[in-house]
Amino acid sequence: MPPWGRKEGPRRGEKVRRVELRERYEEDLFLVKGTFARAAAIALAAALVAVPAYAPKYVVYIASLVAVNIIIAVGLNLLVGYTGQISLGHAGFVAIGAYAFGIVAARLPWGADLAHWGLPWLAGFVAAGIVAGAFGFLVGLPALRLTGPYLTIATLGFGIAVHQVLVNWEWLSGGRAGLFVPKLALAGWELKERELYWIGLAAAAALTVIAYHLVRSYVGRAFVAIRDSDIAAEVMGVNLTTYKTLAFAVSAAYAGIGGALFAMVGRYLEPSQFTLLDSIYYFSMIVVGGLGTIAGGVLGAGLLTVLPLEFSGFKQWQPVVYGAAIILVMALEPRGVYGRWLKIKRWFKTWPF
């Protein structure tokens, strides 16, 4: 039989490498693959369940802040990492969501009457996402004609404008005096630190899974096509008007929901909590974690939330440690923490070759 017709098997001592082929679209949507990944997911779930039961209140509070920042970072990564639209005014969307929640829960006339049943904060939670998403849609309209540094400056101006509105419109936001969020309740049960932790964890998990499925759908592929080349994407039939504004609206809605959770956890809102530095803070999360990956937003939010709090006793050194961590990560791994993890996993799969 000629060589091209003979089917040779593996030689003695030679390892057979199996290529992982995905035959169905559903296989691409699996969040966890493999025995080790399932065991790690179970261990992580057990640790998250044990936090409110055994950890002190301060740790529970930090975990709630991590959940808040995960929502914001994942939404921002949809805009920057997947669509390629740079935003340095994301703190403005967070502020809109936080104050929308605070106004619905504390300022509306019917809020006090229904506080016992918890309807104001549930309504405020929904209002935060809708109002912030609407503003994101409006900000996304200039993105149709602006790109690169021009779009960055436009979003920067939006964030500064929101901050000035919160400072000067005291009838709406309380100005420098701030806005106090009342104690929250659900069906007569007061929501304390541990209950807020569960709400934040559930919201972060649900929105992360939604984002994971979104980027693997035709919408996510349209986002990536716009990021790589908007002209080529338009030639291939991608509607730039629809998907650019959709990316801004979805990202802003995520930020608004994160802002609502921030108001629930902190119970006090003040304009200095939503400045340009906070926008850079959110942007650093996705850069350090990994642009264009959902897991990168989760890892970056967790790292840059816990790290400054751990060095809170050294306030004079905190900016130095924070900046050094960003420089170190970017110098060693431009693709972020998640990119480094992918390299480590690939090394173990190909070892010892």
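The values are calculated or read from the model by the stated rules, or taken from the named source; none is laboratory data. From a predicted model like this one, the values you see are computed outputs, not experimental measurements. Quick reminder, even Gly has a Cβ in these numbers, built from the backbone with ideal geometry, and neighbours come from all protein chains shown. Ligands, DNA and RNA are stripped out before the accessible areas are found, and what is left, the full protein with its side chains, is counted by its heavy atoms. Shrake-Rupley method; radii C 1.70, N 1.55, O 1.52, S 1.80 Å.
Quick rundown of the values:
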| quantity | calculated |
| --- | --- |
| Per-residue SASA entry for Trp121, accessible area with 1.4 Å probe, Å² rounded to 10 | 20 Å² |
| In Å², nearest 10: area of Arg227 left accessible to a 1.4 Å probe | 100 Å² |
| Nearest-0.05 FRET efficiency for Ala41 and Leu328, computed from C-beta distance (R0 30 Å) | 0.60 |
| Exposure ranking of Met330, Met285, Met236 by accessible area [1.4 Å probe, largest first] | Met236, Met330, Met285 |
| Net length gained if the chain between Leu240 and Ser217 were fully extended (0.36 nm per residue, minus Cα distance) | 6.6 nm |
| Exposure of Leu172 as accessible area (Å², to 10), given a probe of 1.4 Å and all protein chains | 60 Å² |
| Heavy-atom accessible area order for Phe101, Phe158, largest first, 1.4 Å probe | Phe158, Phe101 |
| Rg(Cα)/(2.2 N^0.38 Å) for segment 168-312, N = residue count | 1.26 |
| Exposure ranking of Ile130, Ile286 by accessible area [1.4 Å probe, largest first] | Ile130, Ile286 |
| Percent carbon-and-sulfur accessible area, segment 194-235, ignoring ligands, DNA and RNA, probe 1.4 Å | 67 percent |
